[in-house]
Amino acid sequence: MTVTAAPRVVRRAPARVLAALLAALLVQAAAAAGTAQAHSAFVGAQPAPGTRLEVAPGRVVLTFTEPVNRSLSRAEVVSADGSPVGRVAQGAEARRLLLRPGTELPTGPYRVRWHTVSTEDGHALEGSFAFGVRAAAVGGAQALEESPLARSGWLRVLLRGGLYATLVLLTGAVLVPELIRGPRASWLALGGAEATAPDSEAVVRRERRTVENTAWCALLLAIATILAETSDAAGSLSLTALADYLTTSTAGVARIVLVAALGVSAIAGAHRRRVSAAAVVLALGVIALSGHAGSAVPRTPTVLNDWLHLVAGGVWLGGISMLVLAWWPRLRRGPASLRDAVATEVLPPFGRVALPAFCLVTATGLVNLVVQLGHVDALWRTGYGQVLLVKIALVGVIASFSAVHAFRLRPAIIATTTSARAARHHWGLLRSEPLVGLTVVGVVALLVAFPLPPRQLGDADEAVASQRACDPCPLPAPAAGELAVADHAGPLVVAGWVRRRAGATSGTIRVYDQTTTPARAGIEVVGFRGRGCGMGCWRFDGRARPEISVRIRARGRSWSTVLPATWEPGGAQSGRRLLERAQATMRRLDSVRQVEDVTSGPGTGARTTYRLRAPDRFAFRTDRGVQTVVIGTRQWLRTRATPWRRSPYGSGIPFSLRQWFRWTVYAPHVRLLGRRTVGRARFAELALMDPATPAWIRLTIDEAIGRVVSERMVSQKHFTRSRYSGFDRPVSVEAPPAG
């Protein structure tokens with residue numbers, strides 16, 4: 001068959017319109033990219049998460065960044081075993097949830113579990129936090145459910161994936177004909193003598209059936225998706241639950257409009273394609289409004305950006321999918337001349353629409369990336385960013401396929417200089433694009449299922465930072481099998497809660513100032529993946545390592561420190577016995593020397609040398625010339641500028657060497673970090689943690705003699721290192737001559 005180029009009228013205006021929209025988008029991108037997200041993220045509570053209370057609270061107040069759906073948001077107080085606590089009245093006002101126990105809470109640990117539904121985008125969010133009444137909080141301070149697959153999320157992802165796939169195909173089926181206008185019955189049909197050929201007529205019939213069937217499928221999937229989201233948000237599918245979810249917020253009303261628009265598109269079908277196209281564009285708009293873009297500030301430019309992204313993506317991927325669905329069954333069995341005719345007459349006009357659409361997809365996608373992530377490193381440090389990277393890679397694959405067959409293979413086919421192998425390669429790439437596009441749609445559905453993108457989590461951190469600081473702030477106790485250890489980086493406390501599993505290490509790093517208030521600091525755990533978990537908080541995981549190197553950026557400076565990350569499993573009891581033995585041994589000493597280095601940050605170091613003698617004497621000298629002698633209840637003090645002066649010691653209680661060594665009171669949590677041999681001596685290292693003081697201590701103990709040889713302590717405003725020597729050697733501590 002001879003292929004003749006039939007006259008064809010191609011509307012070029014849509015390309016100019018898309019270019020104008022792209023220019024307008026770039027103008028407003030600067031405004032949208034610099035905005036913050038607004039979402040009902042958890043800010044804090046009273047009592048504060050992790051707090052030990054001496055008096056039972058009369059009420060519990062949870063605060064969020066944005067108003068929550070009062071009808072669907074709820075909270076409950078449960079005891080340590082998970083059972084509800086008596087009668088608790090619930091209430092909601094604007095950004096807060098209120099709980100009022102009917103009776104006074106008895107002594108014990110408690111946990112508050114909460115579930116909120118955003119009025120902005122309709123997403124449900126869950127979390128919990130602990131506090132104690134005359135008891136320590138159990139189970140960590142707070143937890144936030146961030147998995148997109150939580151609460152049967154796989155079903156919502158599957159339904160949304162099906163909805164988005166049908167919408168992409170429907171968009172291509174009804175919008176591309178409006179952008180490519182000509183004298184033929186369909187943009188997919190051939191012209192000239194081929195216009196009445198059986199192949200061309202079959203393609204036109206297939207196109208019409210696709211429009212009608214896809215519209216009805218999209219409608220049914222939209223209804224199923226809304227029912228699944230209602231069940232997740234409200235906990236049931238009753239008429240009351242549906243009314244609360246769909247009529248009390250903008251996001252709910254948008255879902256109603258989505259169903260109505262798809263209903264109009266399904267009824268209009270292929271006979272009133274312009275009506276159907278307008279309904280589909282409206283449906284894409286309300287999807288943008290009810291997604292993550294609907295919770296942005298300012299909302300309008302972000303929703304517009306997402307809307308354009310969806311429309312352009314539908315034109316690009318939907319048009320490719322229509323081409324393959326309509327023509328490939330005929331081309332697979334047809335002659336080579338038929339493939340040449342389609343390549344000559346159908347593909348070039350579509351390419352003039354597809355290229356601007358792809359450019360618009362790229363530009364709007366970049367804006368979405370900045371708005372949702374906030375920081376570039378969130379692209380590889382967060383689960384949301386990693387899924388987004390997969391989407392970007394898949395879109396790149398489709399774009400590369402399109403570039404090869406559109407700019408390299410197709411011109412050769414049209415010029416009739418190509419080989420049969422190149423033609424097969426051309427059509428192989430083209431029919432592969434819808435399959436990769438289907439994967440992209442699935443990834444997008446997974447992204448939408450994330451409760452909070454990284455930037456929204458960051459906004460919650462900013463809200464926490466704006467609250468009044470606590471002094472001291474409660475610290476979470478380590479869980480069973482978890483190591484709590486700390487050191488200092490400059491003036492800041494760097495504390496780690498470390499967990500281990502087969503071949504991997506994970507945990508949380510928290511940075512505090514000297515009042516144990518979370519510090520505004522940039523955190524990097526070298527060699528580990530990580531993500532933020534609040535102000536001064538960073539969660540990490542990766543391959544198992546013996547140590548964790550942490551870098552801190554704060555106050556315009558950088559510091560670093562190293563924390564141990566290995567300990568003996570099940571060594572808590574043996575570590576405690578070793579600690580008690582060492583403390584008892586040190587208290588039985590007749591004499592000992594101690595060199596202590598203390599600092600509260602750069603430029604504040606001081607060294608003190610102690611001489612201690614049983615039962616009631618000690619003396620010390622600092623590197624700044626201060627000397628002190630204590631004997632029982634008497635004390636003498638002098639400096640470089642003043643002579644000896646006598647004064648009472650303490651509050652009248654005599655000094656005792658037995659009370660000098662007090663480690664067990666700071667050891668509600670003990671871990672045996674490990675053992676090492678130096679020469680013939682064997683040393684054990686213990687890590688102690690007391691959340692109440694708060695204090696972290698590391699001791700090195702000579703196991704053969706049961707004595708502490710070194711100590712490292714991190715506490716409020718003081719970071720100390722001590723070395724002990726001269727055990728039971730003669731030492732003189734005498735009253736100085738009268739001044």
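The values are calculated or read from the model by the stated rules, or taken from the named source; none is laboratory data. Remember, predicted model here, so these are calculated numbers, not experimental data. Using ideal geometry, Cβ is built from the backbone for each residue, glycine included, and neighbour counts are taken over all protein chains shown. Areas reflect the complete protein model, heavy atoms only, side chains present, ligands, DNA and RNA absent. Shrake-Rupley method; radii C 1.70, N 1.55, O 1.52, S 1.80 Å.
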The extension gain from ARG333 to ALA504, computed as 0.36 nm times the residue separation minus the Cα-Cα distance, is 56.2 nm
Counting only other residues whose beta carbon sits under 13 Å from that of ALA228, what net charge do I get with K and R as +1, D and E as -1?
+2
Over all directions, how big on average is the projection of the convex hull of the alpha-carbon atoms in region 471-518, in square nanometres?
3.5
I'd like the FRET efficiency for SER647 and GLU54, computed as 1/(1 + (r/R0)^6) with the beta carbon distance as r and R0 of 41 Å, rounded to 0.05.
0.70
FRET efficiency for THR693 and SER560, Cβ-Cβ distance as r, R0 = 25 Å, nearest 0.05?
0.50
Long-range alpha-carbon pairs in region 603-718, meaning those over 26 Å apart, account in percent for 38
Counting only other residues whose beta carbon sits under 15 Å from that of PHE407, what net charge do I get with K and R as +1, D and E as -1?
+2
In region 703-739, whose amide N lies under 19 Å from the spot 7 Å out along Cα-to-Cβ of ASP623? List them in ranges.
710-714, 718-725
For SER725 paired with SER432, estimate the spin-label separation in nm (one decimal), with each label point 7 Å from Cα along the Cα-to-Cβ line.
7.1
Determine how large the accessible area of VAL493 is when every protein chain is in place; take a 1.4 Å probe and give Å² rounded to the nearest 10.
10
Given the Cα-Cα distance of ILE705 and ARG205 and 0.36 nm per residue of separation, how much length would full extension add, in nm?
170.7 nm
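Would you mind classifying region 537-616 by shape? Square roots of the alpha carbon gyration tensor eigenvalues, ordered a ≥ b ≥ c; an a/c under 1.5 is rounded, otherwise it is prolate if a/b is larger than b/c and oblate if not.
Oblate is the answer for region 537-616, as a/c is 1.5 or above yet b/c matches or exceeds a/b.
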For ASP590 and ARG134 in one chain, what is 0.36 nm times their gap in residues minus the Cα-Cα distance, to one decimal in nm?
160.2 nm
Going by the alpha-carbon gyration tensor, a ≥ b ≥ c the square roots of its eigenvalues, is region 675-739 rounded (a/c under 1.5) or, if a/c is not under 1.5, prolate (a/b greater than b/c) versus oblate?
oblate
Where the only charges are on Cβ atoms (+1 Lys, Arg; -1 Asp, Glu), what is the dipole of region 466-604 about its Cα centre, to the nearest 20 debye?
400
For VAL511, what charge total do you get from the other residues with a beta carbon under 12 Å from its beta carbon, if Lys and Arg give +1 and Asp and Glu give -1?
+2
Put one equal scatterer on each alpha carbon of region 490-599, apply the Debye formula with no solvent term, and list log10 I(q)/I(0) at q = 0.13, 0.14, 0.20 1/Å to two decimals.
-0.65, -0.73, -1.03
Loop sites in region 632-739: GluC sites (Glu not before Pro), DSSP, at most 13 other Cβ within 10 Å
GLU734
Based on the Cβ-Cβ distance of HIS271 and LEU220, what FRET efficiency does E = 1/(1 + (r/R0)^6) give at R0 = 22 Å, to the nearest 0.05?
0.60
Carbon plus sulfur fraction of accessible area for region 580-739, probe 1.4 Å, in percent:
49
